Amino acid sequence: MAEWKHISFSDEIDKHPLHSPILEIMRVVYRQHDPDHEPFEIDQWRSCSSLLYNVHCMPYTEPRTDNLELYIREGRPGSRDTKTHFVVDFMARKVHDKYSDDWSDLPADAGELVDKVVAVVKECANKDRAALAKLHLEHDEREKKAQMDHKNEVEAFCGRLADLRLLDIDNIPLDVPDECPLCKRPLTTCAACHRVCCWSDPLAGLDICSGWDADEMERCMEHADHAYCRHCRKGTEDRVDRLVQCEVCDVWHCSEDLSWCIGRPPGTSPTEPEAVVAHSDEPPSGGRRSSVLLKTQHRQHPPKAMVCAKCLEKRQEAGWKTCHSASCWSNASDYKWRARGIQHTRICDECSPDGGQWCENHRNWLCDDCAAKPSHSNVE
């Protein structure tokens with residue numbers, strides 16, 4: 001396997017070590033084929049050049065450079081477009097005039113310069129080959145480790161089935177296939193802990209496999225690679241549940257894809273004293289409550305998932321609205337909410353029990369608190 005490498009000489013400030021010999025080779029070529037346009041410097045637009053060479057990096061083989069070519073390009077005044085005029089084949093010691101499509105021998109007085117360039121490039125090729133071989137070796141090791149880890153996870157899944165008396169541990173084959181031993185369907189990997197589990201989609205007309213009870217794997221309807229077991233899909237102290245069911249269609253979605261109500265904080269209404277509202281211990285009315293409070297004990301309720309985008313289109317007037325005020329408490333565009341898995345917010349009926357206020361053309365809506373502010377007395 002060979003990979004091509006490129007050396008450019010168009011940088012006039014940080015010049016390459018081969019800049020001088022390459023310029024001399026260019027001048028030799030022009031003196032032989034086009035003496036009226038002999039360059040006195042490598043110019044980025046008028047007369048530029050670059051070296052191309054390939055590196056063979058097959059494991060356990062000696063490094064070699066089979067191809068080393070110098071491309072000499074020319075440009076016109078006032079234009080940045082360039083065309084290749086000459087190609088110098090260093091290994092064959094040949095010059096190809098692309099304009100006339102003629103081949104000729106490289107002049108003998110360029111032999112010492114060519115030898116110097118070839119020596120330097122071979123040294124570069126050796127370093128490149130070593131670096132490429134190291135990358136390939138590291139990739140192979142990662143692949144082997146991933147395969148071994150996956151095999152261990154499949155065996156662990158079979159062990160969990162045996163613990164549930166769903167599978168006879170003595171009948172597990174040594175070469176465990178990458179499928180559920182009960183329903184013979186492909187296994188799914190948890191995106192968080194990487195354990196493999198059986199996943200059945202009732203919406204796709206599949207019967208729920210009894211092996212699903214081992215981990216209760218669920219997967220986002222929109223993102224097939226976002227699948228989580230029952231432990232990993234639950235939230236933490238600083239994050240809402242990774243997967244949540246839409247309260248209307250019961251389909252599982254990533255938390256970032258759902259709309260949430262983050263709970264009205266106390267003291268947001270002009271008519272309400274500071275810190276009067278505190279959330280109740282009772283579950284919030286409507287919405288799927290996250291298993292994490294996110295340190296929001298003083299809000300009307302903890303963050304609760306509302307509806308998915310498809311169901312939201314059908315329920316615009318059903319109490320899940322977006323306040324038009326940029327200063328509304330429901331604005332969760334800052335990083336702290338995004339880091340918690342909440343990107344889209346709405347306001348539930350519990351946090352705006354009076355129904356808010358619509359503008360005359362019924363396009364913009366303000367929640368109870370924002371509608372009561374003097375600056376928003378007239379909704380536009």
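The values are calculated or read from the model by the stated rules, or taken from the named source; none is laboratory data. Because the structure is a prediction, the values reported are computed rather than measured. Backbone-built Cβ (ideal geometry, glycine too); neighbour counts: all protein chains shown.
Could you figure out which of (1) outside any loop (DSSP other than H, G, I, E, B); (2) surrounded by fewer than 22 Cβ atoms within 10 Å (Cβ to Cβ) isn't true of ARG363?
Exception for ARG363: condition (1).
Could you pull out the residue among PRO374, PRO353 that is assigned by TED's automatic domain parsing to the domain that holds PRO302, more than 40 Å from the chain's Cα centre (by Cα) and modelled with pLDDT of 85 or more?
Going through PRO374, PRO353 in turn, the sole match is PRO353.
For residues that are free of Cβ contacts under 8 Å to residues at least 12 places away in the same chain and acidic (Asp, Glu), scanning just the range 78-113, find the one that is farthest from GLN32 (Cα to Cα).
Result: ASP81.
So which residues in the range 115-134 are in contact with a helix residue (DSSP H, G or I) (Cβ under 9 Å, 6 or more places away or on another chain) and closer than 16 Å to SER50 by Cβ, if there are any at all?
Matches in the range 115-134: VAL117, VAL120.
Can you name every residue in the range 308-327 that is at pLDDT 80 or above, in a loop (DSSP other than H, G, I, E, B) and within 21 Å of ASP368 (Cβ to Cβ)?
Hits for the range 308-327 are THR322, CYS323, HIS324, SER325, ALA326, SER327.
Given the options ILE42, ILE7, ILE22, name the one that is assigned to a helix (DSSP H, G or I), within 23 Å of ALA110 (Cβ to Cβ) and either touching a strand residue (DSSP E or B) at 6+ places or on another chain (Cβ under 7 Å) or modelled with pLDDT under 80 (or both).
ILE22
Restricting to the range 208-232, what's the tally of residues that are surrounded by 17 or more Cβ atoms within 10 Å (Cβ to Cβ), in contact (Cβ under 8 Å) with a residue 24 or more places away in the chain and either in contact with a Leu (Cβ under 7 Å, 6 or more places away or on another chain) or not basic (Lys, Arg) (or both)?
13
Give all pairs with beta carbons closer than 7 Å in which a residue from the range 186-199 that is in contact (Cβ under 8 Å) with a residue 40 or more places away in the chain meets a residue that is charged (D, E, K, R) and buried (at least 18 other Cβ atoms within 10 Å of the Cβ); count only pairs at least 6 apart in sequence or on separate chains.
Note: pairs meeting the criteria are HIS194/GLU153; ARG195/GLU153; ARG195/ASP215; VAL196/GLU153; CYS197/ASP215.
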